[in-house]
Amino acid sequence: MDRDKKYTEVIEVFFRMLNCFNEFEKQPLKFNEEQLLYPSQVHALCIINNNPNSNITELAKKLGVTKGAASQVISKLEKKEIIERANSHNQKEVFLHLTSRGNTVLTEHLKRCSLRNCDIKKILIELEDSQLELATKLFSNLDEVIKNQLNN
């Protein structure tokens, strides 16, 4: 197979993967037999948990979305009583925190992630260190290409 065909094959696999991921992102996930959350909401929940006293600006940056989009996610999570806002000591900044319901959802999500990550790790474990470095570089570069296309 010549290099152009190999390039095409890699690009096709990449876009198939992106399309599959986009479909996954559209599907709500069920937690505790009643709570439906979209993956973007769950991702926000994880970021808030991993960054105590984060605010909407920080959340937007870590999610890779606008402050308006992050604010919409926050509002939906607040309505579901999964997160809450708290004012800072100087009352100028609003911090985000998980509620007890949010912690319950997070715990269930982390169990699911652990299983999913095990499946991915089974693939990665077979790679040499140099191949892992190459994969990391590839995904980082592809991430930059997509970000640049979004900004144009």
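The values are calculated or read from the model by the stated rules, or taken from the named source; none is laboratory data. A quick note: this is a predicted structure, and the numbers were derived from the prediction, not measured. Note that each Cβ is placed from the backbone with ideal geometry, even for glycine, and that neighbours are counted across all protein chains shown.
Worth a mention:
- Only one entry in L45, L36 is under 16 Å from the mean Cα position of the chain (by Cα) and surrounded by 10 or more Cβ atoms within 10 Å (Cβ to Cβ), namely L45.
- Picking from residues in segment 60-81 that are in contact with a strand residue (DSSP E or B) (Cβ under 7 Å, 6 or more places away or on another chain) and aliphatic (A, V, I, L, M), the one that is nearest to N148 (Cα to Cα) is I74.
- Segment 1-28, residues that are out of contact with any Asp or Glu (no Cβ under 9 Å at 6 or more places or on another chain) and either aliphatic (A, V, I, L, M) or not in a helix (DSSP H, G or I) (or both): D2, V10, I11, V13, M17, L18, Q27, P28
- Scan segment 48-66 for residues that are assigned to a helix (DSSP H, G or I), surrounded by 13 or more Cβ atoms within 10 Å (Cβ to Cβ) and within 15 Å of the chain's Cα centre (by Cα) and the total you get is 8.
- Restricted to segment 91-107, and to residues there that are outside any helix (DSSP H, G or I) and not aliphatic (A, V, I, L, M), the residue that is farthest from A70 (Cα to Cα) is Q91.
- Residue check, V105 aliphatic (A, V, I, L, M) and either in contact (Cβ under 8 Å) with a residue 24 or more places away in the chain or at positive phi (or both): yes
- Restricting the first member to segment 66-89 and to residues that are under 15 Å from I47 (Cα atoms) and modelled with pLDDT of 90 or more, and the second to residues that are part of a helix (DSSP H, G or I) and charged (D, E, K, R), the beta-carbon pairs closer than 8 Å and six or more apart or on different chains are I82/R101; E84/E78.
- Scanning segment 79-94 for residues that are on the phi < 0 side of the Ramachandran plot and out of contact with any Lys or Arg (no Cβ under 7 Å at 6 or more places or on another chain) yields K79, K80, I83, E84, R85, A86, N87, S88, H89, N90, K92, E93.
- Subset of segment 108-129 [loosely packed, with under 10 Cβ neighbours inside 10 Å and outside any helix (DSSP H, G or I)]: I125, E126, E128
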